[in-house]
């Protein structure tokens, strides 16, 4: 099976976030650089949900310290982290 | 690097816009210099405010002055020298507060701990090494091994290392930050730490990532803003603490209970204010750390509350416990997503409780184990878990739009949720603050009564909270700890300094300072309201409120385990108290009596006060010189009854003010009327009005005195209530029928909780004290003894208003005492010159001298007493007859 590229992962994460946390919001306003943690879109519960989704969808296992804002604050950063893990 | 040898990193602390700006400043451009000058002016003003308000005592004032100078020098240093200079400032602060030797020890032990983290051995072995060093420190801090004169360093080291070392090792393990010699020293030796043992758990990774991650002046400005916010909160805390906080036994209605709960929650302003000041100070050295608290009174759910209050702690727990536990549990078979969530929250709160006790140990040297603590953390953890499950199922509304697209319905909903959360937190917080769960329940039992004003009070406060919540409570998580790095990056994207932004922020700081520094004695304030002027004046000093002064004093005689557990003011005092100073009088010279008096001095024995001074008891059981039972001919004998300040707590026998008075009377006896004066000290520590009456009846009369000095203090009502309740609950019979009658009328027996019992007796205190005074005066008159009521103040511990004290004067006057008021005995001298120690308000040698001087002056000024005791109008054999003639009014029986 071919590992998804970073853009595909980013798309998947964006869809998940829009569906789970931002229903009814304009998808165009959620970009790869929109802050998630610092803007309050991802909190502890949200982060755990996203981590579960990532594990189920791509089989990428994250470590606890990777829930840090450094990795989780934007869709771009999350996609990059997962993409690196899947390589 | 993930561990092992450290890099010499001082060359790389500043990056991004911060570096460019720092270099531009060094180039000396006037346009850049002015903003820096603007912030420096604010910091200078704040330093002045801290000094005037004696924020955190004098030591912090000195550290703040050092910070001001260090801030200016630090700013102009090249980037490579900034971190080493900050470490130097921190070490100087240590030396300033602890002295050179202790500071050297702190640095040496600290270096050993940091060094152990970087030994070129496996990570597991390094942890073992750190644990071994930590265990050695535990032995010193617990007192299992004596560390002699350097015992003062362990709480400071504990505060610096007990959590930060854990974070440091975790980040080392997970490669979470850049490690280097100066960076590590700066992380552990933060200059404000020497004054604030209760310190926010700064995350190492955030500490590194936020270092000059923005324009320097913008970082400095936020530092000044936070210091000013912190100072304002600390002054508000003083107002709440000194004027609003209630004793549980004062709760008599629903409104009282509400006030008790809200003010107990507001005591947290002390921690919130302190943390703002600490982080603000760190900003002045480029550490652009995030906010530690964010509008914590306006949380709209338990999760929201947890995210707003002590944010650093929440992030610490999330990083080290919540996420790791949750990740592990989620990977286990048979544990559902919800189960993992609940368990990880539960375990996080268990560790929160445990680590608070651990922190307590490092600061106090004892382990904290109290039922209300466990109940508080347990219930909060449970509520948070339920709240998180709810949020997992019903996702809370989020929005990408600024402001969130809110409507009046959502505002109303937010306001209501804020009110409900506020109420729930108040209830929980009052439980945490209670001495025991029984006390907490007893308070609720008192609150069944609703007074007319209660509905207005409760409704008004809740309405204000709801409105504030709806208007200000909706800000997103910009304040969160994790957001710091991202926030810095976002700000870095902004170009240049925004003068308007700086101007507004600085104007806020200046406005705060201007309000705080309003001269209280100006005509405007004083003539508008002397009471307001008095309140403002009292806010400028850090002092115990009446309740805590009583607890502290009570602690001299009783083992009040963790009296300061939920009490920032007492906590601070006890933290400064050297080991062993909280021990009560030790030795054979004092013994329990198992009756109402509870204790007495033992004839011809001695004991030792906690400061090492000997208490020598005379052959007749007095803390005094030797006197014959039979009064020698021609002698005027004055008997003195009182409590510890009269007994001479912590001073030598010859230094007590009653002995100084005796010496003066005999030295200046030029009348030949009396061959000698004897002032006999019957005082015993902890005695209130009832015990003094017992002493008069059982002991004083045998010595045939001519005059009785009844020494009163500010606790006349309180000690009557406390002693009766203690006696009834201990099954000790009350010494007078009128006391039995009153306790029976109030339905108090040995099973009544002390909070309830004190609450019921409180309204009867004036009546009881009046009866005691009448009995004292009447007994004296019957025996030809002149009763004199003397008010003895305590240095630095007098209540800000004299409402109750004035009532004592009224009772004494009504009973027929002559009155001597020594309230101004300590005028013109500083409190520290007159009291034993910051944690001990008993007068020291200078304090006793001041009392003796004042007593002499008041005697000379009193027409009747000066005539009878000092003048030449009354022969000795007629003194008793003269005294039998009542001075004012007859006593009522």
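Between residue B:471 and residue A:84, the simple label model (points 7 Å from Cα in the Cβ direction) yields a spacing of 4.6 nm. Across all C-alpha atoms in the range B:232-280, the radius of gyration and Dmax reach 12.4, 41 Å.
Work out how much length residue B:34 to residue B:244 would gain on full extension: take 0.36 nm times their residue separation and subtract the Cα-Cα distance, in nm to one decimal. Don't skip to the end; give the middle numbers.
On the way: separation 210, 0.36 × 210 = 75.60 nm, distance 4.31 nm.
Working it through step by step, the gained length comes to 71.3 nm.
Taking the C-alpha atoms only, the angle from helix A:44-58 to the longest principal axis of chain A is near 40 degrees.
Test of understanding: express the Cα radius of gyration of the protein assembly as shown as a ratio to 2.2 N^0.38 Å, with N the residue count. Its radius of gyration relative to the 2.2 N^0.38 Å reference: 1.08. For residue B:671 and residue B:604, what is the calculated FRET efficiency with R₀ set at 35 Å and r taken between the beta-carbons, to the nearest 0.05? The formula returns an efficiency of 0.50 here.
Viscosity 0.692 mPa s, temperature 37 °C: give me the Stokes-Einstein translational D for the range A:36-87 in µm²/s, with Rh taken as the Kirkwood radius over C-alpha pairs.
Numbers: Rh = 10.9 Å.
Answer from the Stokes-Einstein relation: 300 µm²/s.
Within 10 Å of each residue's Cβ, count the other Cβ atoms and sort B:366, B:40, B:667 from fewest upward.
Values: B:366 15, B:40 19, B:667 9.
Exposure proxy ranking, most exposed first: B:667, B:366, B:40.
Please give the Cα centre distance for the range B:588-649 versus the range B:131-210, rounded to the nearest Å. Here the two parts' Cα centres lie 48 Å apart.
Could you list B:773, B:305 so that the one with the fewest beta carbons within 10 Å of its beta carbon is first and the one with the most is last? Don't skip to the end; give the middle numbers.
Values: B:773 28, B:305 23.
Ordered from fewest to most neighbouring Cβ atoms within 10 Å, B:773, B:305 come out as B:305, B:773.
Tell me whether the range B:234-352 comes out rounded, prolate or oblate; compute the Cα gyration tensor, take square roots of the eigenvalues as a ≥ b ≥ c, and use a/c under 1.5 as the rounded threshold. Cα axes put the range B:234-352 in the oblate bin.
Can you tell me how much longer the chain between residue B:532 and residue B:58 gets when fully stretched, taken as 0.36 nm per residue apart minus their C-alpha distance, in nm with one decimal? Before the final figure, lay out the partial values.
Details: separation 474, 0.36 × 474 = 170.64 nm, distance 2.55 nm.
Length gained, residue B:532 through residue B:58: 168.1 nm.
Among B:757-769, B:82-94, B:825-837, sorting by the average number of other beta carbon atoms lying within 10 angstrom of each residue, highest first, gives B:82-94, B:757-769, B:825-837.
Modelled label positions at residue A:7 and residue A:55, each set 7 Å beyond Cα in the direction of Cβ, lie 3.1 nm from each other.
Please give the average number of partner chain Cβ atoms lying within 10 Å of the Cβ of each residue in A:32-41, rounded to a whole number. Please report the intermediate quantities before stating the final value.
Working: counts 0, 1, 1, 8, 3, 6, 14, 10, 13, 5.
What the average comes to for A:32-41 is 6.
Treating each Cα of the range B:662-734 as one equal point scatterer and applying the Debye formula with no solvent, the log10 of I(q)/I(0) at q = 0.12, 0.20, 0.21 Å⁻¹ comes out as -0.47, -0.93, -0.98. On the beta carbon distance between residue B:628 and residue B:149, with R0 = 35 Å, the FRET formula returns roughly 0.15. A simple spin-label model places pseudo-atoms 7 Å from Cα toward Cβ; at residue B:824 and residue B:853 they are separated by 1.4 nm.
Compared with the alpha-carbon gap, the fully stretched path from residue B:236 to residue B:729 is longer by 173.7 nm at 0.36 nm per residue. Here the Kirkwood formula puts the hydrodynamic radius of chain A at 12.9 Å, using every distinct Cα pair. Restricted to Cα atoms, the range B:302-359 shows a radius of gyration and a Dmax of 12.0, 36 angstrom.
What value does the range B:637-795 have for Rg/Rh, both radii from Cα atoms and Rh as Kirkwood defines it?
The Rg/Rh ratio comes out at 1.03.
Legend: mean number of C-beta atoms from other chains within 10 angstrom of residue C-beta atoms, peptide A:56-69, equals 5.
Rounded to the nearest 0.05, what FRET efficiency do residue B:127 and residue B:441 have when you use their Cβ-Cβ distance and R0 = 60 Å? Write down the numbers at each step before the final one.
On the way: r = 44 Å, r/R0 = 0.74.
It comes to 0.85.
Take B:363, B:785 and order them by how many other Cβ atoms sit within 10 Å, fewest up front. It would help to have the intermediate numbers written out before the result.
Values: B:363 22, B:785 26.
Ranking B:363, B:785 by Cβ neighbours within 10 Å, fewest first, gives B:363, B:785.
Here, each number is a calculation from the coordinates, and none is a lab measurement. The structure displayed is predicted, hence computed values, not measured ones. Here Cβ is always computed from backbone atoms with ideal geometry, including for glycine, and neighbour counts include all displayed protein chains.
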